[in-house]
Amino acid sequence: MNHALRFAFGLTLYSCLIPQLSTLRAQSPAPSVTPSPRGSQAPKFTEQQMQEMAAKLHERVGKAAEEVMGRIRNEEGDLYRRFSSFRKPDRLNPSTYTSKDDVEQWRQSLQQFKEKADTVDKLYANADPDLGNALIQQRINQAIAQQIKKALLDSFPWDIINRKNQLIKEFVSDFGDLLTFYDNNWASWKRDSATAAPAFDDPKLAASYQVLKEKVNAVGAQIEDQYRAMTR
């Protein structure tokens, strides 16, 4: 998934830069020079100079975008790896937990996952000022930086990102409920020798477990869908 995100954000950067660079190349003003006494016009940039200016701008914008979008991509990749560990079938099978200590360890992992999700959420929320600052630090004209920043921000699939962030909050809550169920009802199940699934003597507990498991699976599947949509 990290490679897919890297590819998607790379396409975003270059698809945004191409029209901006073309516009700037066509509209770039002539350099400021002192007019000659005869009022001769200032010389215009040569084709080679224009190409060099475009190449430098391309490089600077690329560095600024990578600073911000690269950080988001890396943190998003880490978040997805953590999410994937909770999606493994063993995590939804209490028979694979050897003791309550295992449950507590996964509760701590869930908290770390939540904190990582909060970090990613804040990075998206701060993308506007972060991109603006990064572009200015690359000595890009403020007016031009505003145009490029807007193009980059408009390329983000915000509806998908916001939906994914909300679903992750639901996933954390639902998985927390499942871990609480394991903790409160420890040893109320046996491991089915044929299927390795948990078998409960109490039908109510069996039903409660099934509801919690289905909720976690359903939200998890929706999150997977959002990640796939982000990288199309």
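Worth pointing out:
- Qualifying positions in region 79-97 - among the hydroxyl-bearing types (S, T, Y), crowded, with 18+ Cβ neighbours inside 10 Å and within 18 Å of I168 (Cβ to Cβ): Y80
- Every condition in (1) at negative phi; (2) in a loop (DSSP other than H, G, I, E, B) holds for R139 except the one numbered (1).
- Odd one out for F83, checked against (1) over 13 Å from the mean Cα position of the chain (by Cα); (2) under 30 Å from A199 (Cα atoms): (1)
- Residue in region 151-158 that is within 18 Å of the chain's Cα centre (by Cα), surrounded by fewer than 14 Cβ atoms within 10 Å (Cβ to Cβ) and not in a helix (DSSP H, G or I) present: no
- Set side by side, the residues K164, K204, K190, K169 differ, and just one is assigned to a strand (DSSP E or B) and farther than 22 Å from E59 by Cβ, which is K190.
- Scan region 105-144 for residues that are touching a residue at least 40 places away in the same chain (Cβ under 8 Å) and charged (D, E, K, R) and the total you get is 6.
- When A196 is tested against (1) touching a residue at least 60 places away in the same chain (Cβ under 8 Å); (2) at negative phi, only condition (2) is not met.
- Whichever residue in region 124-143 is of a type in the set (A, V, I, L, M, F, W, C) and crowded, with 18+ Cβ neighbours inside 10 Å and, among such residues, is modelled with the lowest pLDDT: I140
- Candidates E76, E47, E66, filtered to the one that is surrounded by fewer than 13 Cβ atoms within 10 Å (Cβ to Cβ) and of a type outside the set (F, W, Y): E47
The values are calculated or read from the model by the stated rules, or taken from the named source; none is laboratory data. What you see is a predicted model; the values in this text were computed from it and never measured. In this analysis, Cβ positions are derived from the backbone assuming ideal geometry, glycine residues included, and neighbour counts consider all displayed protein chains.
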